[in-house]
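Contents: one structure, followed by commentary.
Read-outs throughout are calculated quantities, based only on the coordinates presented, and are distinct from any laboratory measurement. All of these numbers come straight from a predicted model, not from anything done at the bench. We place every Cβ from the backbone using ideal geometry, glycine too, and count neighbours over all the protein chains shown.
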Amino acid sequence: MTRYTPTVEIGLDRMREMARGNFDLSWMDSNPEGWGHEVQRSKAGLKLTDVDHGFYGEVPEHGSIHGTMAPRGCHVPEGTISLDQYTINEMTEIWADNAAALYDEAVVRQWNSVTDVPWEKLETLPEDMEKAVCQMCTGLAEVEFVAGDMPAKWLCRINHDFHEVKLFLATQIMDEARHLDVFRKRALANGGGLLTASPGQEELLAAILNAPDYATASALMHIFGEGFVLTLFRQGEFLAPTEVEKTIFGLCMQDEARHVAYGVKHLKFLLERHPEREEDIHAILEVGEQAIFSLTLEPQTSEPRAILAGGGLENIELGMARMAFIYEKQVREYLQRLKVAGIDRESRLSIPTEIPYKEIAT
């Protein structure tokens, strides 16, 4: 006679009972509070924000102690094992009131680098311009996926009761995969190639990935790092020599805007409830400011952008003046985002608010 493990024997006993017509069916009445949920669809379709309301929209300040992946609002049977995985159990550490809406937007606005970029419109560029594009894309391919790696590092640690944030961060990882992909493709697609990496960027990436907790990592990445990149993409007309680059900047810009919007709302939510954390945020932002200023003036960062902004190597000085304008705009928008989040950083800013390029030259 075949002998099975106790687990299999229990399963066989259940099967015998069902074969005799003895069904459990207790699950049918397991969640009376959650039964009868009504939903009104939005005109655009059924959104996460449409279904997560009332009983199912109640987000706990402290994530469930059972430590499972059971969806928020369902019945969790007694004795269900804990995964012992979640270390981020406080709502304030990760929450943003716009997370669900940003997730809905992200899934609707997905794009791909295979068919949504008009690669057929690539033009043969002068060598200095092609090298500048390829160097800029090398740098962007290097830095972009930190916004995928950082949330991936923390995602499995976030309590499953905060699924709105987890879903949004999952879309961010996919967004950044596309960004790495599209900038690498552009560097390799037009007879050029990848050029040189940036030590300065690696310092900023290290600060983000080595941040002591999710909240400080988010402030540094979402508001500071991605905020600077977002402003850069918005100035794409200065940097895009063909329709291909303009399209790439436009598509990436809409993704970055979502990430920054989450970061601002998250920091605001955190500081309203834990104002004592402000000094931690100031400290990590100072690290980021030092790193971004250093890499902004690295030759492999500043010079290719200046060549593109000026329209060629012969106009690099004009391009430097234009990039100085973009830098000033990056800093202004960074300070404004922090102000919206509840931090006045202006008096403590550790880098210049502008680069007076012409004055320095004289």
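Annotations for the structure displayed:
- If only the Cβ of Lys and Arg carry +1 and only the Cβ of Asp and Glu carry -1, the dipole of the range 17-98 around its Cα centre is close to 420 debye.
- Choice from Q40, Q330, Q172 with maximal GNM fluctuation in the chain (Cα, 10 Å cutoff): Q40
- Ranked for footprinting exposure by Cβ neighbours inside 10 Å, fewest first, M320, M253, M15, M221 give M15, M253, M320, M221.
- Candidates L308, L204, I88 compared by Cα position along the dipole of the chain: farthest toward the positive end lies L308, with charges placed on Cβ.
- In the structure shown, the pairs K185/K329; K246/K339; K121/K265; K47/K339; K121/K268; K121/K153 are assessed against 32 Å; a Cα-Cα span above that value is assigned to K121/K265; K121/K268; K121/K153.
- Think of the range 1-116 as a dipole: +1 on every Lys or Arg Cβ, -1 on every Asp or Glu Cβ, centred on the Cα centre; then among G67, T7, V108, T7 lies furthest on the positive end.
- Along the chain, counting only GluC sites (Glu not before Pro) with a DSSP assignment other than H, G, I, E or B and at most 11 other Cβ atoms inside a 10 Å radius, the longest segment between sites is 124-362.
- Fewest-first ordering of S26, S218, S294 by other beta carbons within 10 Å of each residue's beta carbon gives S26, S294, S218.
- Within the same chain, aspartates and glutamates fewer than 8 places from K131 are excluded, and of the rest, those with a Cα less than 13 Å from its Cα are E303.
- Theoretical ellipticity at 222 nm over the chain - DSSP helices of four or more residues, -39500 (n - 2.57) apiece, nearest 500: -18000 deg cm²/dmol
- The relative contact order of the range 91-361, computed from alpha carbon pairs under 8 Å that lie at least 6 residues apart in sequence, is 26 percent.
- GNM top mover of N190, N22, N31 - the chain, alpha-carbon springs below 10 Å: N22
- Rounded D (µm²/s) - the chain, Kirkwood Rh over Cα pairs, Stokes-Einstein at 4 °C, 1.567 mPa s: 56 µm²/s
- Label zone at D29, where the point sits 7 Å out along the Cα-to-Cβ direction: the range 52-81 residues whose backbone N lies under 20 Å: 74-78
- Here the Gaussian network model covers the chain, with springs between Cα atoms less than 10 Å apart; of K265, K153, K43, K43 fluctuates the most.
- The convex hull defined by the C-alpha atoms of the range 41-170 has an orientation-averaged projected area of 11.6 nm².
- Evaluated with a Cβ-only charge set (Lys, Arg +1; Asp, Glu -1), the chain carries a dipole of roughly 620 debye about its Cα centre, given to the nearest 20.
- Chain lengthening between E314 and C156 when straightened (0.36 nm per residue, less Cα-Cα): 51.8 nm
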